[in-house]
Amino acid sequence: MTCTIGHMTMTAGAPPTHNRPVGLALGFLTGGVIGASLTAFIGGCVVERAPLILTGLVLPAVYGLLFFLATLPRRAREAAVVPRTALAVIESLEAIGGETSDVPVRFDLSVVPDEAPAFRVEIQQDVNLVELPDYRPRGVLVVEYPPDRPWKARIVKRPTPQWEERAAVAQVDSVPGPAMKSETSEGCFGALLTLLGLVLGAAAVLLLFRADLFDSHEADSGIPKPSVSSSSSTTTVTSATGTVTLGPGQSMLDKGELRKAVESLTRDADRRQALTVVVQDHLLTVVFSPTGVKSAAFDPRSLPYDRVPGLVEEARTALGVGSPRSWQLTVDGVTGSLTLRVVVTGGEGTGTLEADERGKVLRRSGN
Amino acid sequence: MGWDESLVLWCAVWGVVALVGYGMSLAGVTKAQRTVRLTGRIERVREPRHGGSRKGGISVVVSYSDPVSGQEVTVTNDGERGDTIISCAWEGREIGVSHPRGRPHAYRFSNTPEEPSRGLGWPSFAVFLVYVGLVVLAAVDRGWPWALIGFGGPWAVSGAVHLPGAVRARNRRIERLAAMDSARGRVVAVLKDVSVDDDGHTSTTITPVVSFTTREGTAVTAYCTANLPHPAGAYGRDVTVHYTSADPAEFTLDRAAEHRSEKRQMTFHVLAIVVLVATAVAGAVML
């Protein structure tokens, strides 16, 4: 039995293009996130900074989560649409390359649904090389498409027996063009915008974390000069000691300041060991260990600098010295284990707080 | 923020995720709990074409009864129909058909009818990530030997707990191997999938398809990826197939090889436990 299927032509045109700017913006944003997270992660690993490494890991995860949540309603809406099955006739087809056993083929189809207007659509679908001869111009096949997005049609390669029989006996009329087709990729401009986002993302991280990245780099690679002066601090390094004096308005308790100061004194390639580190509000003094002396020496870079502001604050408030006037942190390893000793002097006397090498408070003494 | 705080935050975040997941499971709103699970029946098996692709599994026509309308629904495994492909089929075989509640068009297949699930997979994975975070935290805070203890210890205990079950499963499998029936079969197609990775390397997957008829007259078509020498040139070759009468999907071309494989798996299991115990002990000694 042969039946001929006529058609009413669908007046709908090409798929909506309002998503194009959104797609471009999304590409730019994705490029930015990739650039920023990669730069942060690699930079963080090089300079050994946990916040940078974490930024590199957390940023793409948060972006992915936000992207997932933002697209959730759209995907749920699309998934709820019941696909429509229809017969179609191949107007033309063209294999567009590929080195695998499944080659991408561009099909120009006339789709003739039973209860909807016919339409012409251009799709691309992978076809196995062995099955390729089955597809020829004027051949009838079964397609499936979401009624609200007919340009998303796909060929049903394994139709149900009922549709298989219909396709075998039906003759389907052609539908006049033009064929609607799925929105193409953003092309060269989109790729350039993504690349721009990538570069800007990387630049943003370099700018935001410049202190961490570049100061540390200089500290690691530079040869120490006898004296370095700048508008904000003065650094002096001799064979026995090193001092850093901060300028007005600065404090060793400022975030990262103490670590930066210590690293500026220890940028030798051989990582000089220290016997004593003394810190006051504006002054850092490191007494270096003589060459060959191992006992009681320690790496001044290994101290828990993040804990120092907390220890000083605790000593100021918890030791009952009244209104504190000055403080001093002394670090040495003369007792065998590394000890951090904070001495605060106030109106009502002097208090001492001792902590271990991790910054854990061991004992307190004061008024 | 240092490593300690970051790890605590990591554990806290995944802990919250796990709690939310378990809460959703208790409330009965997980994806698995909103899935309708049905039993379908294979009505027709289409023989794979020689040289074709293994993607999508063996082409079958399946019917199942729609619980809402009570009507018989006929579907095929065309397109994306689940993570598992139908690799063994015969007319009358019962397979699993599932779909999200209210969306029967998004049906999925599984090789066997599925039991209802509470959807605890992701929450349990979140708990696993909390455990990993705690072990790393212990290693950072108290020294790296804690990493050996933290990873070796629990997995060794888990392996030891599962060992008796694994031994019983192996014994049952060996009994089934011994009781298998034999039938003449034929390689009716050899499927070939060529893929190219990003570096331009080409890889080819060869999948012979064997067909045999059981003593009860069931014509079985199945992918046969093991124990067939020179699979690329196996098209048309006659083979002897050993199968379990109760479930022809459990078949082999070489019972002795399967026997050896079971032994190897058990040895590997025991060896893994020994290595894990040794890891934990080494960690404890180094503390």
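At-a-glance table
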quantity: Residue in segment A:78-93 that is within 10 Å of the chain's Cα centre (by Cα), outside any strand (DSSP E or B) and either surrounded by 12 or more Cβ atoms within 10 Å (Cβ to Cβ) or in the same structural domain as A:Q171 (by TED's automatic domain parsing) (or both) present; calculated: no
quantity: Residues of segment B:193-240 that turn out to be under 17 Å from B:E91 (Cβ atoms) and of a type in the set (A, V, I, L, M, F, W, C), as a count; calculated: 6
quantity: Any chance B:T225 is among the hydroxyl-bearing types (S, T, Y), free of Cβ contacts under 8 Å to residues at least 60 places away in the same chain and under 15 Å from B:S87 (Cβ atoms); calculated: yes
quantity: Index of the failed condition, B:H99 passing every other in (1) in contact with a Pro (Cβ under 9 Å, 6 or more places away or on another chain); (2) closer than 19 Å to A:A80 by Cα; calculated: (1)
quantity: Qualifying positions in segment A:147-160 - more than 21 Å from A:V127 (Cα to Cα) and within 13 Å of chain B (Cβ to nearest Cβ); calculated: A:P147
quantity: Filter pass, B:V209 being among the aliphatic types (A, V, I, L, M) and outside any strand (DSSP E or B); calculated: no
quantity: Given (1) more than 30 Å from B:V196 (Cα to Cα); (2) more than 10 Å from every other protein chain (Cβ to nearest Cβ); (3) without any contact (Cβ under 8 Å) to a residue 24 or more places away in the chain, index of the condition A:V89 fails; calculated: (3)
quantity: Residue match in segment B:58-76 (condition: within 13 Å of chain A (Cβ to nearest Cβ), in a loop (DSSP other than H, G, I, E, B), within 21 Å of the chain's Cα centre (by Cα) and without any contact (Cβ under 8 Å) to a residue 24 or more places away in the chain); calculated: yes
quantity: Positions within segment B:189-230 being more than 14 Å from chain A (Cβ to nearest Cβ) and crowded, with 18+ Cβ neighbours inside 10 Å, in sequence order; calculated: B:P208, B:V210, B:S211, B:F212, B:V220, B:T221, B:A222, B:Y223, B:C224
quantity: Residues of segment B:12-40 classified as part of a helix (DSSP H, G or I) and of a type in the set (S, T, Y), total; calculated: 2
quantity: Single condition A:A167 does not satisfy, out of (1) small (G, A, S); (2) within 11 Å of chain B (Cβ to nearest Cβ); (3) not in a loop (DSSP other than H, G, I, E, B); calculated: (2)
quantity: Residues satisfying the stated conditions in segment A:49-59, i.e. surrounded by fewer than 20 Cβ atoms within 10 Å (Cβ to Cβ) and either within 12 Å of A:L206 (Cα to Cα) or touching a residue at least 24 places away in the same chain (Cβ under 8 Å) (or both); calculated: A:R49, A:P51
quantity: Odd one out for B:S261, checked against (1) touching a residue at least 40 places away in the same chain (Cβ under 8 Å); (2) under 23 Å from the mean Cα position of the chain (by Cα); (3) more than 29 Å from B:R46 (Cα to Cα); calculated: (1)
quantity: Test result for A:P133, touching a strand residue (DSSP E or B) at 6+ places or on another chain (Cβ under 8 Å) and assigned by TED's automatic domain parsing to the domain that holds A:R77; calculated: no
quantity: Search result, residues across segment B:232-245 that are outside any loop (DSSP other than H, G, I, E, B) and surrounded by 15 or more Cβ atoms within 10 Å (Cβ to Cβ); calculated: B:V239, B:V241, B:H242, B:Y243
quantity: Residue count, segment B:87-103 (criterion: modelled with pLDDT of 90 or more and outside any strand (DSSP E or B)); calculated: 5
quantity: A:G35 vs. criteria surrounded by 18 or more Cβ atoms within 10 Å (Cβ to Cβ) and farther than 13 Å from A:F209 by Cα; calculated: yes
quantity: Filter result for B:S117 (crowded, with 16+ Cβ neighbours inside 10 Å, within 30 Å of B:V73 (Cα to Cα) and either touching a residue at least 24 places away in the same chain (Cβ under 8 Å) or assigned by TED's automatic domain parsing to the domain that holds B:L9 (or both)); calculated: no
quantity: Within segment A:94-135, tally of residues that are touching a Lys or Arg at 6+ places or on another chain (Cβ under 8 Å), of a type in the set (S, T, N, Q) and in a loop (DSSP other than H, G, I, E, B); calculated: 1
quantity: Count - residues of segment A:99-116 that are surrounded by 15 or more Cβ atoms within 10 Å (Cβ to Cβ), at pLDDT below 90 and either more than 37 Å from the chain's Cα centre (by Cα) or more than 14 Å from chain B (Cβ to nearest Cβ) (or both); calculated: 1
quantity: Residue among B:P229, B:P248 that alone is in contact with a Ser or Thr (Cβ under 8 Å, 6 or more places away or on another chain), part of a loop (DSSP other than H, G, I, E, B), over 30 Å from B:A156 (Cα atoms) and not small (G, A, S); calculated: B:P248
quantity: Positions within segment A:28-56 being in contact with a helix residue (DSSP H, G or I) (Cβ under 7 Å, 6 or more places away or on another chain) and within 14 Å of chain B (Cβ to nearest Cβ), in sequence order; calculated: A:A40, A:F41, A:G44, A:C45, A:R49, A:A50, A:L52, A:I53, A:L54, A:T55, A:G56
quantity: Breaking point among (1) in contact with a helix residue (DSSP H, G or I) (Cβ under 8 Å, 6 or more places away or on another chain); (2) among the β-branched types (V, I, T); (3) under 30 Å from B:D198 (Cα atoms), for A:T100; calculated: (1)
quantity: Hey, B:A179 more than 14 Å from chain A (Cβ to nearest Cβ) and either under 18 Å from B:R255 (Cβ atoms) or among the basic types (K, R) (or both) or not; calculated: yes
quantity: Single residue of segment B:39-56 satisfying the filter (closer than 30 Å to A:N128 by Cβ and touching a Pro at 6+ places or on another chain (Cβ under 9 Å)) that is farthest from the other protein chains (Cβ to nearest Cβ); calculated: B:G40
quantity: Qualifying residues in segment A:136-145 (those that are over 45 Å from the mean Cα position of the chain (by Cα) and part of a strand (DSSP E or B)) - the one nearest to the other protein chains (Cβ to nearest Cβ); calculated: A:L141
quantity: Matching residues, segment A:321-353, being of a type in the set (D, E) and either buried (at least 17 other Cβ atoms within 10 Å of the Cβ) or under 21 Å from A:S289 (Cβ atoms) (or both); calculated: A:D332
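Residue-by-condition table, conditions (1) free of Cβ contacts under 8 Å to residues at least 12 places away in the same chain; (2) among the β-branched types (V, I, T); (3) assigned to a strand (DSSP E or B); (4) on the phi > 0 side of the Ramachandran plot:
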{"residue": "B:F109", "(1), (2), (3), (4)": "no, no, yes, no"}
{"residue": "B:L129", "(1), (2), (3), (4)": "no, no, no, no"}
{"residue": "B:A156", "(1), (2), (3), (4)": "no, no, no, no"}
{"residue": "B:G165", "(1), (2), (3), (4)": "yes, no, no, no"}
{"residue": "B:R173", "(1), (2), (3), (4)": "no, no, no, no"}
{"residue": "B:L177", "(1), (2), (3), (4)": "no, no, no, no"}
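The values are calculated or read from the model by the stated rules, or taken from the named source; none is laboratory data. Computed from a predicted structure; not experimentally measured. Neighbour counts run over all protein chains shown; Cβ positions are idealised from the backbone, glycine included.
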